[in-house]
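The values are calculated or read from the model by the stated rules, or taken from the named source; none is laboratory data. In this text, all values refer to a predicted model and were calculated from it rather than measured experimentally. Please note: Cβ atoms are built from the backbone with ideal geometry, for glycine as well, and neighbour counts cover all protein chains shown. SASA here: full protein model, heavy atoms, side chains in, ligands and nucleic acids out. Shrake-Rupley method; radii C 1.70, N 1.55, O 1.52, S 1.80 Å.
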Amino acid sequence: MLDFNTLTVFSSTYCIGICAFLIPANLIATSLTIGLTLLCRPAIEIWRSAAIASTFALLIILHVFAWFMIGVVMAPTYILLGLGSICLGANFGAILLYKRFANAYVAMKVEFS
């Protein structure tokens, strides 16, 4: 069973390390998902990349919620919450809009052939 007190203490103790890993990982993985979508790569690659990027985004959101639970309400908490939410939305958008980009690319390719 999960002990939220232990997770909160872990989150507050190792905040610098958690953020030092999750912020770049989140940005790189989300950028990769967007890039794969724009390059019309196969759907399985986009889904895999979006799953990894969404995991990083959810972890950063949970980290921020742990800070909210202990009462730390500062600008960095809202900035990280916004970063995680935007990246999560971008990953879901890449999955949902994949067909639109793929169809537009095929139509453009046929038009110029």
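Data table
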read-out: Count of residues meeting criterion [touching a residue at least 60 places away in the same chain (Cβ under 8 Å) and not hydrophobic (A, V, I, L, M, F, W, C)] in the range 13-37; value: 4
read-out: Any pair with Cβ under 7 angstrom, 6 or more apart, that starts in the range 64-80 at a residue that is over 18 Å from Ala20 (Cβ atoms) and ends at one that is open to solvent by less than 80 Å² (accessible area, probe 1.4 Å); value: Phe68/Thr77; Met69/Thr8; Ile70/Thr8; Ile70/Ser12
read-out: Failed criterion for Ile86 (all others in (1) at pLDDT below 85; (2) closer than 17 Å to Ile28 by Cα; (3) hydrophobic (A, V, I, L, M, F, W, C) hold); value: (1)
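Conditions (1) over 16 Å from Leu97 (Cβ atoms); (2) surrounded by 15 or more Cβ atoms within 10 Å (Cβ to Cβ); (3) of a type in the set (Val, Ile, Thr), marked per residue:
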| residue | (1), (2), (3) |
| --- | --- |
| Ile16 | yes, no, yes |
| Thr30 | no, yes, yes |
| Glu45 | no, no, no |
| Phe56 | yes, yes, no |
| Leu59 | yes, yes, no |
| Val73 | yes, no, yes |
| Ile79 | yes, no, yes |
